[in-house]
1. What is the number of the single condition among (1) on the phi < 0 side of the Ramachandran plot; (2) not assigned by TED's automatic domain parsing to the domain that holds residue 236 that residue 204 does not meet?
2. For segment 83-109, which positions are among the charged types (D, E, K, R) and assigned to a helix (DSSP H, G or I)?
3. From the list 184, 174, 205, 154, exactly one residue is touching an Asp or Glu at 6+ places or on another chain (Cβ under 7 Å), surrounded by 15 or more Cβ atoms within 10 Å (Cβ to Cβ) and of a type outside the set (Lys, Arg). Which is it?
4. Is there a residue being surrounded by 17 or more Cβ atoms within 10 Å (Cβ to Cβ), part of a loop (DSSP other than H, G, I, E, B) and in the same structural domain as residue 107 (by TED's automatic domain parsing) anywhere in segment 224-244?
5. For residue 218, state whether it is loosely packed, with under 15 Cβ neighbours inside 10 Å and at pLDDT below 95.
6. Which pairs turn up if I take residues in segment 88-109 that are under 17 Å from residue 135 (Cα atoms) and look for partners that are assigned to a loop (DSSP other than H, G, I, E, B) with beta carbon separation below 6 Å, at least 6 apart in sequence or on another chain?
7. Identify, please: which residue in segment 81-124 is hydroxyl-bearing (Ser, Thr, Tyr) and either at pLDDT 95 or above or surrounded by 15 or more Cβ atoms within 10 Å (Cβ to Cβ) (or both) and is, among those, farthest from residue 143 (Cα to Cα)?
Amino acid sequence: MPLGFSFGTIIVLLIDFALSAHVMRSGRSYLWILPIVLFPPLGWIAYVAYAVVSGAVSSGQARRFADDIVNTVDPGRSYREKKREVEKVGSVDSKRALAEECIRRGLFPDAIDLYLSAMAGPLGAQDTALLFGLARAKLLAGDGAGAEAAFDELKKADPVAFNADAELDYARSLALQGKNEAALAQYEKILPKYPGEEARCRYGLLLKTLGQDERARRVFREIVDSVKGAPTYYRRRQREWLVIARRNLSS
């Protein structure tokens with residue numbers, strides 16, 4: 001092994017990393033990282049018992065936790081399993097699951113093809129989960145017009161499904177096409193109801209791009225002030241947008 005690492009040492013490091021990453025993503029106290037790293041395997045067992053076996057967590061959370069461990073040790077496993085399921089079964093659900101995995105991996109054209117294939121059935125064109133996935137894949141692929149059209153279809157199919165996340169992505173699809181006034185209006189519409197700082201941050205970035213520096217600075221200042229007095233879990237989840245806001249305030 002390179003650098004003198006044994007296979008067992010590498011496995012220990014991978015498990016340490018996976019458990020520590022779960023601590024940070026779940027918003028739990030960072031103090032959990034100390035027993036995980038310093039006292040394996042007792043620290044691992046204690047954290048797993050606390051985070052997974054405890055009745056305070058749902059079965060869905062437990063499955064995601066297990067997936068985190070597996071994907072850290074074998075990053076391609078989830079993709080391979082979902083691809084085999086599509087090849088074997090070819091159901092709408094299997095195609096949607098693989099499309100979501102493709103989005104996580106940045107394979108946006110593949111995700112678009114999978115969503116379109118899943119929507120080819122008699123009811124697929126009205127499936128709101130597929131419509132949202134298709135719209136998001138097109139947005140991330142840089143197809144603003146295609147994303148806007150898909151979001152319009154989603155809103156027609158079910159206005160309730162056109163939720164805050166969809167509205168934010170709709171604003172992004174407008175901005176991607178250079179429809180700046182419409183994008184600004186869409187951002188201003190969703191700011192009061194969007195949970196978190198992403199919408200406000202993207203709004204500020206668009207304002208700055210359009211040369212409206214003073215308005216942009218006010219928005220970035222609002223983000224900093226909002227996060228400053230928030231609970232710890234909220235500050236952790238909004239760290240990305242806080243960093244962007246601070247960077248733009250200092251530039």
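1. (2)
2. 83, 84, 85, 87, 88, 93, 95, 96, 100, 101, 104, listed by residue number.
3. 174
4. no
5. no
6. From segment 88-109, the pairs are 108/141.
7. It comes out as 94.
Let's see how each residue does on (1) in contact (Cβ under 8 Å) with a residue 24 or more places away in the chain; (2) of a type in the set (A, V, I, L, M):
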| site | (1), (2) |
| --- | --- |
| 216 | yes, yes |
| 238 | yes, no |
| 241 | yes, no |
| 245 | yes, yes |
| 250 | no, no |
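The values are calculated or read from the model by the stated rules, or taken from the named source; none is laboratory data. Since the structure is predicted, the reported quantities are computational estimates derived from the model, not experimental observations. So basically every Cβ, Gly included, is an ideal-geometry build from the backbone, and we count neighbours across all protein chains shown.
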